[in-house]
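**Q** The structure under discussion is supplied below as structure tokens; questions concerning it will follow.
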């Protein structure tokens, strides 16, 4: 599963248009597309369901990154110089050739593993794209409980996994490990919040006063404290952690004061998505410019964390408040009191 023959075979069929297509598909596993999807579901369909979907995606990403750091395994293009890295932006310099696993179940050679750990770029196992695809598309099926989504999810997961092999950035073991990890998180989500009762218990924990109940303590620890600790120990991406904490803070404040009703026509829903998306872009640019004036913070992990976190918080909180003021949301009279 750590052999490079499959990559060489796939890349023998490579062409300009096919590589372009693979890059467009694989882009759905990156940070920007995830933001678009989350904002679209939050403001266009359901604040509650969008928030739950984001939790599945975010915790899959956390566990994937922890697993990468634990195993510390190389990527195909570094293991074998015959494998081209068709995904731009990687440091592809390597002196190794045909140093993958000798048999199907063997790891790459130890010399390759040791050298790759010194490069300072993302490890390969498990594939974050594969686990993220399971979390996103499978999460949609779990949260919305639609049979069509359950049938479509495996297709999208397989498509993403194929692009990672074709582009030379993941071994077969990486994508299978990613699918397994994403599947385990998805199974846990289905058991915990796959029904109305589980979802209401989750939201009830968010409405409790800090530290007054065990569910409330767990809610605030996992949604706010643990992400900061993971960034502190350089285990998790600071930008995504900022997005995670900022969204959690805005949603939790809105939950405690009463979420608005998601009802509205298609045009109303599209307007809410457009307003929140525009807010995110404008605030992101403004905060980045402001941070650039602080030399100690510009470019640092904590600078990215604060910029993304504050921008996300203001996007979600401001998007709800602005949509309420414009009549795109209505107060939900059936919402439970905080």
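**Q** I'd like to know if region 68-76 contains one or more residues that are touching a helix residue (DSSP H, G or I) at 6+ places or on another chain (Cβ under 9 Å) and under 30 Å from residue 52 (Cβ atoms).
**A** yes
**Q** Looking at residue 28, is it buried (at least 20 other Cβ atoms within 10 Å of the Cβ), farther than 19 Å from residue 190 by Cα and at pLDDT 90 or above?
**A** Values: buried (at least 20 other Cβ atoms within 10 Å of the Cβ): yes; farther than 19 Å from residue 190 by Cα: yes; at pLDDT 90 or above: no.
When the stated conditions are applied, residue 28 does not pass them.
**Q** I need the full set of residues from region 89-133 which are part of a helix (DSSP H, G or I), farther than 12 Å from residue 72 by Cα and over 24 Å from the mean Cα position of the chain (by Cα), in order please.
**A** 111 - this is the single residue of region 89-133 that is part of a helix (DSSP H, G or I), farther than 12 Å from residue 72 by Cα and over 24 Å from the mean Cα position of the chain (by Cα).
Residues checked against (1) surrounded by fewer than 18 Cβ atoms within 10 Å (Cβ to Cβ); (2) on the phi > 0 side of the Ramachandran plot; (3) outside the structural domain of residue 140 (by TED's automatic domain parsing):
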position: 174; (1), (2), (3): no, no, no
position: 204; (1), (2), (3): yes, no, yes
position: 214; (1), (2), (3): yes, no, yes
position: 224; (1), (2), (3): yes, no, yes
position: 231; (1), (2), (3): no, no, yes
position: 239; (1), (2), (3): yes, no, yes
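**Q** Considering (1) over 10 Å from the mean Cα position of the chain (by Cα); (2) over 23 Å from residue 322 (Cα atoms), say which one residue 50 fails and leave the rest.
**A** (2) is the only condition that residue 50 fails.
**Q** Among the helices (runs of 4 or more DSSP H) contained in region 197-260, which hold 2 or more residues that are farther than 23 Å from residue 305 by Cα?
**A** Numbers: elements: 214-220, 226-232, 238-257.
So the answer is 214-220, 238-257.
**Q** Consider residue 139 against the criteria (1) more than 22 Å from the chain's Cα centre (by Cα); (2) modelled with pLDDT of 90 or more; (3) under 25 Å from residue 194 (Cβ atoms): it satisfies all of them except one. Which criterion is unmet?
**A** Unmet for residue 139, out of (1) more than 22 Å from the chain's Cα centre (by Cα); (2) modelled with pLDDT of 90 or more; (3) under 25 Å from residue 194 (Cβ atoms): (1).
**Q** Please name all residue pairs, on different chains or six or more residues apart, with Cβ atoms under 6 Å, provided the first residue is in region 14-31 and is in contact (Cβ under 8 Å) with a residue 12 or more places away in the chain and the second residue is in a helix (DSSP H, G or I) and crowded, with 17+ Cβ neighbours inside 10 Å.
**A** Here the result reads 22/163; 22/166; 25/163; 26/163; 29/129; 29/132; 29/160, each pair linking region 14-31 to a residue that is in a helix (DSSP H, G or I) and crowded, with 17+ Cβ neighbours inside 10 Å.
**Q** Among the residues in region 280-300, are any within 21 Å of residue 54 (Cβ to Cβ), at pLDDT 85 or above, in the same structural domain as residue 236 (by TED's automatic domain parsing) and touching a helix residue (DSSP H, G or I) at 6+ places or on another chain (Cβ under 6 Å)?
**A** Within region 280-300 (the criterion being within 21 Å of residue 54 (Cβ to Cβ), at pLDDT 85 or above, in the same structural domain as residue 236 (by TED's automatic domain parsing) and touching a helix residue (DSSP H, G or I) at 6+ places or on another chain (Cβ under 6 Å)), the answer is no, since none of the residues qualifies.
The values are calculated or read from the model by the stated rules, or taken from the named source; none is laboratory data. Quantities reported herein were computed from a predicted structural model and do not represent experimental measurements. Using ideal geometry, Cβ is built from the backbone for each residue, glycine included, and neighbour counts are taken over all protein chains shown.
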